[in-house]
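Peer 1: Below is one structure. I have some questions about it.
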Amino acid sequence: MDLQYVKELEKQGLQVKDLPEDARTGIKEINKALSFIKMGEAKGKTTSPDAIKKIKAMDKWVLYEIYDLIEDTDKNEDEIPYESDDVEEDIIENNEEDNENDNEETEKRSNLVQTNAAVNKINNELYELFKNNKTELKIDEIKSYAPTVYKAIFDVYQSGEVNGVQSDKFSLLETNEQEYKLEQI
């Protein structure tokens, strides 16, 4: 990260020890903040835009401290706008959000795998029923012969609606109350 105060020090031929105490303290805070970023990056974490903005604001404040020294004025704000702790908090919050997003993505992939496994199991159970000529079934038979199909039916069961399950090869739909018909598609 290019820091403006560093460029100004070089331009003016100054060293950090030549600066007033406030400016030196600001530089220490910037360096601490930058070390937090480096530690996070070493662990593969990204730096939030807010953390970068805070470091830039701190840099600008130190730059104005240098201008006050050069021009022998006291126009700069008395307090540095942020401290290294503020940047560290942003980094921690950003990483918590990244972890939450990672966890959500992992959960989505896990749910997709579980869904695919359940779909395959439903297909297999419907195939076994069809293969064994079990095409007209009562709900109790479905429960004993095809437990995954039974669970799928009742996960979305709505009274008074057409209930059942359908795969790419089979359809098992309710014909009468608690009676189902299995057909190959």
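The values are calculated or read from the model by the stated rules, or taken from the named source; none is laboratory data. Please read all numbers here as calculations on a predicted model, not as lab measurements. Because the Cβ atoms are built from the backbone with ideal geometry, glycine has one as well, and the counts that use them run over all protein chains shown.
Peer 1: Take the residues in region 1-27 that are under 38 Å from the mean Cα position of the chain (by Cα), assigned to a helix (DSSP H, G or I) and touching a residue at least 24 places away in the same chain (Cβ under 8 Å), then tell me which one is surrounded by the most Cβ atoms within 10 Å (Cβ to Cβ).
Peer 2: The extreme case among them is G26.
Peer 1: With respect to G40, is the statement that it is surrounded by fewer than 19 Cβ atoms within 10 Å (Cβ to Cβ), within 27 Å of the chain's Cα centre (by Cα) and assigned by TED's automatic domain parsing to the domain that holds G13 true?
Peer 2: So G40 does not fit the description; no.
Peer 1: Okay, moving on. Are any residues in region 126-143 surrounded by 11 or more Cβ atoms within 10 Å (Cβ to Cβ) and of a type outside the set (A, V, I, L, M), and if so, which ones?
Peer 2: The answer is Y127, E128, F130, K134, T135, E136, K138, E141, K143.
Peer 1: Sort through T46, T73 and tell me the only one that's in contact with a helix residue (DSSP H, G or I) (Cβ under 8 Å, 6 or more places away or on another chain), more than 30 Å from N94 (Cβ to Cβ) and not in a helix (DSSP H, G or I).
Peer 2: T73
Peer 1: Of all residues being assigned to a helix (DSSP H, G or I) and at pLDDT 80 or above in region 79-99, which is farthest from D59 (Cα to Cα)? Just the residue, please.
Peer 2: Once the filter is applied, the top-ranked residue is E93.
Peer 1: Give the residues of region 69-79 that are out of contact with any Asp or Glu (no Cβ under 6 Å at 6 or more places or on another chain) and surrounded by 16 or more Cβ atoms within 10 Å (Cβ to Cβ), sorted by residue number.
Peer 2: The one that is out of contact with any Asp or Glu (no Cβ under 6 Å at 6 or more places or on another chain) and surrounded by 16 or more Cβ atoms within 10 Å (Cβ to Cβ): L69.
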